[in-house]
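Structure, as structure tokens:
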Amino acid sequence: MLTSASVPLGDLLLGRDPQRRLQTLLTLVGWATCIVMSLAHHAAATLGLADEAHTMRLAVFSLIGATLFYLLMRSGVGPRLASDAVLSMLQGAWAVAAISWAYAVSGPARGAAVLLLVLMPLFGMFTLTPRQTRLMTACSFLSIALVMAWKASAEPDRYDPRVELMHLLFAAIVLAVSSVLATLIGRLKRRSQQERAELAAALERIQRLATQDDLTGLTNRRAAGERLRRAAREPGAPLCVAMIDLDRFKQVNDSRGHAAGDEVLRHFAQLARQTVRAEDMLARWGGEEFLLLMPATTPEQALAVLARLRERLRAAPLTVVGPDYTVSFSAGVASCGGAGEADLDAAIARADEAMYRAKREGRDRALLQPVPA
């Protein structure tokens, strides 16, 4: 049983979701900032620089809000209720209110509250767009400006208008610089995320090209070889392999062109995927030749699968080649009861031999090549 003692502290505080850890960390930093500022206000009140009742109410407001936002992020409830941008804007509005309140009650020490404004754009730099960052910055400046104007008008002896004007200038500089930095960092973050997404998509495409035939979407010969080697090493029930060759495919290419030939290959691959089982492997072996690996299958069952495929092809004419043209194939089936690459290679060779025998005997058929005595 997993106990809290066995969970790393980082996972305990931030969770294990890598996409949420950063946002939870920023919220936790905001909570720690509230703790420090509450202690600072308490010290200011002790020194007689601020009113103790006002600073106590501010501390309660700040800590309740910070704790609520942290719990919303850590529990995952917040992201389920709203987007990251909305959560950042709400947290920003709460922080602006707390900073403005701190400026109003801090008396002679109020200049320190101006420095806290630098945090406003930075906390939303990973989730807000540049426009949203500018909006948050403007709202922060307007809020602190209104508080300065109110205090300078109501208590001009304690809040000298000249000092408030200088504080307003410093607030504008702090917010402007932090807004520019937050926008640049946010753009770099989004560009990095976009590049990682493009790289992941490119790697996925490379992986797909390395394992799939680009025309038919089937497993290509290289990947099929790896699957065959794994199958040869896995002990279990006997398996069957079938070699399939489309009949008169060269005539389609010569008379209708390679585009029509490509349609024939895609048409066959689509119907074949719908016919074989999920555990079977159908691969394009080369040109118009395909290999079908059928684990835990008897020769009779393998022949039945090929018969169903033949019926599906007959029921689905390919009109782009001709009004009554249906794809047919010749196939050879061989079983493999041993465990080893040599046994499987021998089975593939027997299936290939049976396929050529089916062509010689008139095409459009599947023949079984028995294991030699």
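Where a number appears in this text, it was derived from the coordinates with a stated rule and is not lab data. Here the structure is a predicted model, which is why all the values come from computation and not from measurement. For neighbour counting, all protein chains shown are included, and Cβ atoms are generated from backbone atoms with ideal geometry for every residue, glycine included.
Computed over region 8-205, the P(r) tail beyond 23 angstrom holds 50 percent of alpha carbon pairs. Applying 1/(1 + (r/R0)^6) with R0 = 35 Å to the Cβ-Cβ distance of ILE64 and MET166, what FRET efficiency is obtained, to the nearest 0.05? Once rounded, the FRET efficiency stands at 0.60.
In region 221-368, Cα pairs under 8 Å separated by at least six residues give a relative contact order of 32 percent. Computed FRET efficiency, Cβ-Cβ of LEU122 and HIS258, R0 56 Å: what is it to the nearest 0.05? So, using R0 = 56 Å, E works out to roughly 0.40. Look at where the Cα atoms of region 17-78 and of region 296-349 average out, and the two centres are 70 Å apart.
In percent, rounded to a whole number, the relative contact order of region 27-181 is 22, using alpha-carbon pairs under 8 Å and six or more apart.
Between ARG360 and LEU71, residue separation times 0.36 nm minus the direct Cα-Cα distance comes to 96.5 nm. FRET efficiency for the pair THR46 and GLU155, taken as 1/(1 + (r/R0)^6) with r the Cβ-Cβ distance and R0 = 22 Å, rounds to 0.55. Taking the Cα of ASP343, stepping 7 Å toward and past its beta carbon, and measuring to each backbone N in region 209-251: which are under 14 Å? Residues 229-241 fall inside that zone.
Label point of VAL86 set 7 angstrom out along Cα-Cβ; within region 109-129, amide nitrogens under 20 Å from it belong to 124-129.
Relative contact order for the chain: what percent, with Cα pairs under 8 Å and sequence separation of 6 or more?
After rounding, I find 11 percent.
By the compact-protein rule of thumb, 2.2 N^0.38 Å, the alpha-carbon radius of gyration of region 25-94 corresponds to a ratio of 1.27.
Based on the reciprocal of the average 1/r between different C-alpha atoms, the Kirkwood radius for the chain equals 27.1 Å. Extension gain, GLU353 to GLN274: 0.36 nm times the residue separation minus the Cα-Cα distance gives 25.8 nm.
Of ASP352, ASP160, ASP364, the sequence from fewest to most neighbouring Cβ atoms within 10 angstrom is ASP160, ASP364, ASP352.
Need one word for region 139-212: rounded, prolate or oblate. Basis is the Cα gyration tensor (sqrt eigenvalues a ≥ b ≥ c); a/c below 1.5 gives rounded, then a/b vs b/c decides. Note, shape of region 139-212 comes out prolate.
Listed peptides 10-22, 84-96 appear in the order 84-96, 10-22 once ranked by packing, highest mean of other Cβ atoms within 10 Å at the front. For a paramagnetic label modelled on ARG222 (point 7 Å from Cα along Cα→Cβ), amide N atoms under 17 Å away belong, within region 164-203, to 202-203. Modelled label positions at ALA200 and ALA316, each set 7 Å beyond Cα in the direction of Cβ, lie 3.3 nm from each other. Panel note: the C-alpha atoms of region 159-289, placed on their principal axes, show extents of 96, 47, 22 Å (largest first). Estimated from helices alone, the mean residue ellipticity of the chain at 222 nm is -22500 deg cm²/dmol (sum of -39500 (n - 2.57) over DSSP H runs with n ≥ 4, per residue).
With label points built 7 Å along Cα→Cβ from the Cα atoms of ASP324 and GLU300, find their separation and express it in nm. Inter-label distance under the simple model: 3.6 nm.
The ranking of ILE244, ILE35, ILE206 by Cβ neighbour count inside 10 Å, starting from the fewest, reads ILE206, ILE35, ILE244.
When PHE170, PHE69, PHE126 are arranged by Cβ crowding within 10 Å, least crowded first, meaning fewest neighbours, the order is PHE170, PHE126, PHE69. Tell me which lysines have Cα within less than 24 Å of LYS359's Cα, excluding those fewer than 8 residues away on the same chain? Straight-line reach from LYS359, under 24 Å: LYS250.
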